[in-house]
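The values are calculated or read from the model by the stated rules, or taken from the named source; none is laboratory data. Values in this document were obtained by computation on a predicted structure and should not be read as measured data. Cβ placement follows ideal geometry from the backbone for every residue including glycine, while neighbour counts extend to all protein chains displayed. With ligands, DNA and RNA removed, areas are computed over all heavy atoms of the protein, side chains included. Shrake-Rupley method; radii C 1.70, N 1.55, O 1.52, S 1.80 Å.
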Amino acid sequence: MAEKRLFVIDTDAGVDDAQAILMALSYPDVKVLAITTVSGNTLAAQAGLNISRILQLTNRLEIPVFIGCSETLLGDVKEKDSYHGDDGFGDVPDLNSPTEENIQTEHGVQALIRMSKEHEGEITLICIGPLTNVAIATRMDPDFGKRLKACYIMGGNYKAVGNITTSAEFNFHYDAEAAYVFLNKLFCPITIVTWELCKDHSLEWDLYDRLRSVETEKAKFMRKIEKKAVDFSHANHWPKFVPCDEIAMAAALNPDIIIQSVNVYATVEVNGHFTRGQMVIDWRDFLNKKPNVALVMDIDDKKYVEMLFKAVDDK
Ligand SMILES: [Ca+2]
């Protein structure tokens, strides 16, 4: 049998992270080496407990979980979240408290650096939360990124459309300095799934309802933890359901879904009064920098939706 692809997932364990992780676990040729957590949709420690719930649900408790940074580089912490819920998973805790047996004592950042040395050139890192852990790993070990095979992230925006402020996407805005370090110092092939791309490929409500009507424990779990997000979406008259992290994971699992991407130099605004956290693309080469990211511009919806269904299937 061919060698499995090695994935490490860095996550803030909101509801879209949950579906993205189910997606990764549904690929038999992918070995999820570890999951590291970071504060974002919830705090890093709570994110660890959330991940344990998914691993318990899928009988994958052999996958180690490492708790990473609880504060941003500047020391900020999460505020209340009316979409993902304060616990990141819709505030519907299991009656049985989640197991902590797979939560490791090693810090997430140290685990990232260690694994990059143990599996040099082999790890695909998928970042679906703020980029604090990766930024600190890069600062502690400037060669960290050079030892990764590739990195796929959900974050940033390229049309200045925001989802947490007028101009910024949540993950980049949450820790803008970390996003800056990530983009400018990681030095590995980076593929970015932006907020606008996610919006462009959001799901019609009847498709979403079909996805969550699948009669499996995984679909039931997703339905339960997503209820708050769905109620929030309807209350705000959102015309569709908007998955985000799922698209970055789908692109990492199956790069064939990427129909169009462009190589550009991207950085992030860290100073702006209105624009802090906005991704900045040097479309016209004013900065004379080499491209540092592949920006995904379009994906194959049919293949992507198939992957969403496969993730909650029992087969
Ligand atoms: Ca996330």
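Please say if region 84-202 is rounded, prolate or oblate, where rounded means a/c under 1.5 for a ≥ b ≥ c the square roots of the C-alpha gyration tensor eigenvalues, and otherwise the choice is prolate for a/b larger than b/c and oblate otherwise?
On the way: a/c = 1.96, a/b = 1.06, b/c = 1.86.
It is oblate, given that a/c is not under 1.5 and a/b is not larger than b/c.
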Worksheet item: Of all GluC sites (Glu not before Pro) in region 1-81, which ones are in loop regions per DSSP and have a Cβ with at most 10 other Cβ atoms within 10 Å?
Response: GLU3, GLU62, GLU79
Discussion item. For the chain, what does the relative contact order come out to in percent, with C-alpha contacts under 8 Å and a separation of six or more?
Written reply: 20 percent
Response to the item:
Amide H contacts under 5 Å for ASP10, restricted to residues at least 5 apart in sequence or on another chain and with H modeled in the peptide plane, are THR36, ILE126, CYS127, ILE128
Worksheet item: Tell me, how many Å apart are the Cα centres for region 138-156 and for region 23-72?
Response: 18 Å
Worksheet item: Between GLU3 and GLU120, what FRET efficiency comes out of the Förster formula 1/(1 + (r/R0)^6) with R0 = 22 Å and r the beta carbon distance, rounded to 0.05?
Response: 0.90
Practice prompt. Using R₀ = 25 Å, calculate the FRET efficiency as 1/(1 + (r/R₀)^6) where r is the Cβ-Cβ separation of LYS303 and THR58; round to 0.05.
Written response: 0.65
Fill in: Set of region 236-261 residues, backbone N closer than 17 Å to the point 7 Å along the Cα-Cβ line of ALA150
246-261
Worksheet, complete the sentence: Singleton cysteines, the chain, no second Cys beta-carbon under 4.7 Å -> CYS69, CYS127, CYS151, CYS188
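Rounded to the nearest percent, how much of the accessible area of region 176-309 (1.4 Å probe, protein heavy atoms only) is carbon and sulfur? Could you put the intermediate results ahead of the total?
Numbers: 3390 of 6440 Å².
Carbon with sulfur: 53 percent of the solvent-accessible area.
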Discussion item. Looking at the chain only, what percent of DSSP beta bridges run antiparallel? Nearest 5 please.
Written reply: 25 percent
Worksheet item: Roughly how many Å² is the accessible area per residue of the chain, as a whole number, for a 1.4 Å probe?
Response: 43 Å²
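Which of the three applies to region 8-140, rounded, prolate or oblate, going by the alpha-carbon gyration tensor with a ≥ b ≥ c and a/c under 1.5 meaning rounded?
Details: a/c = 1.70, a/b = 1.11, b/c = 1.53.
Oblate.
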Worksheet item: Within region 35-54, whose backbone N sits under 14 Å from a point 7 Å along Cα→Cβ of GLU100?
Response: 44-53
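From the square roots a ≥ b ≥ c of the eigenvalues of the alpha-carbon gyration tensor of the chain, which class results: rounded (a/c under 1.5), prolate (a/b over b/c), or oblate?
Values: a/c = 1.33, a/b = 1.15, b/c = 1.15.
Rounded is the answer for the chain, as its axis ratio a/c remains below 1.5.
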Worksheet item: When only DSSP loop residues count, what trypsin sites (Lys or Arg not before Pro) in region 279-314 have their Cβ near at most 11 other Cβ atoms within 10 Å?
Response: ARG284
Worksheet entry | region 26-47 residues near the modelled THR165 label - backbone nitrogen below 20 Å, point 7 Å along Cα→Cβ | 39-42
